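Since the structure comes first, as structure tokens, the remarks are kept for the end.
Bear in mind that the values in this text are calculations on the coordinates, not laboratory data. What you are looking at is a predicted structure, and each value in this text was computed from that prediction instead of being measured. Here the Cβ positions follow ideal geometry from the backbone for every residue, glycine too, while neighbour counts run over all protein chains shown.
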Amino acid sequence: MTNLAPLSDRAVIRLSGEDRFSFLQGIITQDVEPLKTAPAIFSALLTPQGKILFDFFIVQDGDALLIDCFADSADALLKRLTLYKLRAKVSLDLAKDLNVVASAERIENGFPDPRHVKLGWRAIVGETADGANSDYDRARIALGVPEFGKDFGADEVFLLDVNYDLLNGVNYKKGCFVGQEVTSRMKRKGEVRRRTLIAKFDGPTPEKGAPVTADSSTLGEAMTAADGVALALIRLDRWEKAKADGTPIECGGKELLLEIPDYLKQG
């Protein structure tokens, strides 16, 4: 298990049964068809109003699909999926014998993180690894990649707020999914009011949830941070106005520099 860092805040749900692909295809944001050839996909389950309830990775494992999700929400996700099951021929259970690990290097029987090429590799394994996941969090924060359970909770944000449209979290051409109407309309009409940006500080970063301000205007709030860098959910129109006016942007009493993640510039 050398060089593998355990992601101890993750859990695994096992989904099996002959309808496993069609069941997921009708409710989640990403197309499941690539799973028949690709190692993994990143996706989310939304409210009917289009806000994120859960996000997760899905990996094919023989005749089953493994769902790598935030551990504290695993029971709630399992319950929600069971609610949607209806007459679908699938079975669901929490795979307590499985663990999630990450590495900056290729992992045998693992998969490259679908969100960003520089996030390295993940794997679902039957054994545990020693170590911590601090390098993983530093990497994703530096790249501007937010994560459910750490940066935001259920029913708080839309896909576009946390850049999931450019992090391979949604396929707008796949057909119906829960919350699709709202999400597709926002994308089609360009109604992107908020984005997750990178905030750079001189010195210690503020606490999660601290307001980001420009004079008397609140632009957004800080998310998780590491090594003088934080993620921040920002109202784009207010940020543009502050830049145009030359107003310093602050958080926690400190001036900060907001940057657009590279992948967002390319989107």
So what is the diffusion coefficient of region 1-67 in µm² per second by Stokes-Einstein at 10 °C and 1.306 mPa s, using a Kirkwood Rh over Cα pairs? 121
For the residues Glu221, Glu33, what sequence is obtained by ranking on other C-beta atoms within 10 Å, fewest first? Glu33, Glu221
Rg to Rh quotient for region 47-131, alpha carbon positions, Kirkwood Rh: 0.99
Taking R0 as 35 Å, what's the FRET efficiency between Lys208 and Glu127 from their Cβ-Cβ distance, rounded to 0.05? 0.65
Just the number, please: Stokes-Einstein D of the chain in µm²/s, Kirkwood Rh from C-alpha pairs, 4 °C, 1.567 mPa s. 67
Test of understanding: express the Cα radius of gyration of region 114-267 as a ratio to 2.2 N^0.38 Å, with N the residue count. 1.11
Can you tell me the 0 to 90 degree angle between the C-alpha axis of helix 74-85 and the longest principal axis of the chain, rounded to 10? 60
Grab the beta carbon distance between Lys241 and Lys187, set R0 = 25 Å, and tell me the FRET efficiency rounded to 0.05. 0.55
Using only the alpha-carbon atoms of region 193-266 as identical scatterers, what base-10 log of I(q)/I(0) does the Debye formula give at q = 0.13, 0.16, 0.17 Å⁻¹? -0.31, -0.48, -0.54
Quick calc: nm separation of the 7 Å Cα→Cβ label points for Lys200 and Ala142 -> 1.2
Could you name the lysines whose alpha carbon sits less than 30 Å from that of Lys200, not counting residues in the same chain fewer than 8 places away? Lys51, Lys118, Lys150, Lys187, Lys208, Lys241, Lys243, Lys254, Lys265
Total charge dipole magnitude, region 5-187, about the Cα centre, Cβ charges on Lys, Arg, Asp, Glu only, Debye to nearest 20: 600
Sort the following peptides by mean Cβ neighbour count (other Cβ atoms within 10 Å, averaged over residues), highest first: 241-249, 54-62, 199-207. 54-62, 199-207, 241-249
Helix 134-143 axis, angle to the chain major axis (alpha carbon atoms, nearest 10°): 60
Going highest first, how would you order 99-106, 230-237 by mean Cβ packing within 10 Å? 230-237, 99-106
Residue-averaged 222 nm ellipticity for the chain, from DSSP H runs of 4+ at -39500 (n - 2.57), nearest 500: -5500 deg cm²/dmol
